[in-house]
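*Asks:* Below is a structure I'd like to ask you about.
The values are calculated or read from the model by the stated rules, or taken from the named source; none is laboratory data. Since the model is a prediction, treat every value here as computed from it, not as a measurement. Cβ atoms come from the backbone with ideal geometry, glycine included; neighbour counts cover every protein chain shown. Please note that ligands, DNA and RNA were not included when accessible areas were found on the heavy atoms of the full protein model with its side chains. Shrake-Rupley method; radii C 1.70, N 1.55, O 1.52, S 1.80 Å.
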Amino acid sequence: QVHVVESGGGLVQAGGSLRLSCAASGRTFSNLAMGWFRQAPGKEREFVASISWKGRTTYYADSVKGRFTISRDNTKSTVYLQMNSLKPEDTAVYYCAARSSVVPTVVSGEYDHWGQGTRVTVSS
C-alpha cells in the first residue's frame, strides 16, 4: 500500500505562483510514476501533469503547459507541482496519485493510490 499526502495549497491572486508537494510512503518511490489531477467545483476530475520514475518523461495538460512544471526528488520520496501564472480557472482541489508502474499516463483510472487533495484558490 502506498500512502500519498499533498500539501502546499492555498489562496493566491491571479498571476501568482504556488508549489504543491506530494510525499509518498509505503513502497519504493522510485518505482512509481506520479501524477497530478484536479477537480474544480461542479466538474469532473481532470489530468494536470505526470512524471516517470526517473523524471525523464513528463506529460502536461494543454491548459497548463508552459505554466506548470512537475518534478520529483526520489531521495525525498516527493513529487512537486510548480504552478506559475495562475489563473482563476486553475481553482480546484489538486490530487496527487501514484501508479504502480514506472511509466506515467494521463488517465486517472490507471493510478492506484490517491491523496486526499489540497485546495488551490486563485482570485481575480
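*Asks:* For ARG19, state whether it is modelled with pLDDT of 95 or more, of a type in the set (D, E, K, R) and in contact with a strand residue (DSSP E or B) (Cβ under 7 Å, 6 or more places away or on another chain).
*Replies:* yes
Yes or no, residue by residue, for (1) of a type in the set (S, T, N, Q); (2) touching a Gly at 6+ places or on another chain (Cβ under 9 Å); (3) surrounded by 15 or more Cβ atoms within 10 Å (Cβ to Cβ):
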residue	(1), (2), (3)
ARG45	no, no, yes
LYS54	no, no, no
THR57	yes, no, no
ARG67	no, no, yes
LEU81	no, yes, yes
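*Asks:* Condition first: acidic (Asp, Glu) and free of Cβ contacts under 8 Å to residues at least 12 places away in the same chain. Can you find one or more residues in segment 83-101 that meet it?
*Replies:* no
*Asks:* For segment 85-124, what are the residues that are under 18 Å from ALA40 (Cα atoms), open to solvent by less than 60 Å² (accessible area, probe 1.4 Å), of a type outside the set (D, E, K, R) and not in a strand (DSSP E or B)?
*Replies:* LEU86, PRO88, THR91, SER108, GLY115, GLY117 - these are the residues of segment 85-124 that are under 18 Å from ALA40 (Cα atoms), open to solvent by less than 60 Å² (accessible area, probe 1.4 Å), of a type outside the set (D, E, K, R) and not in a strand (DSSP E or B).
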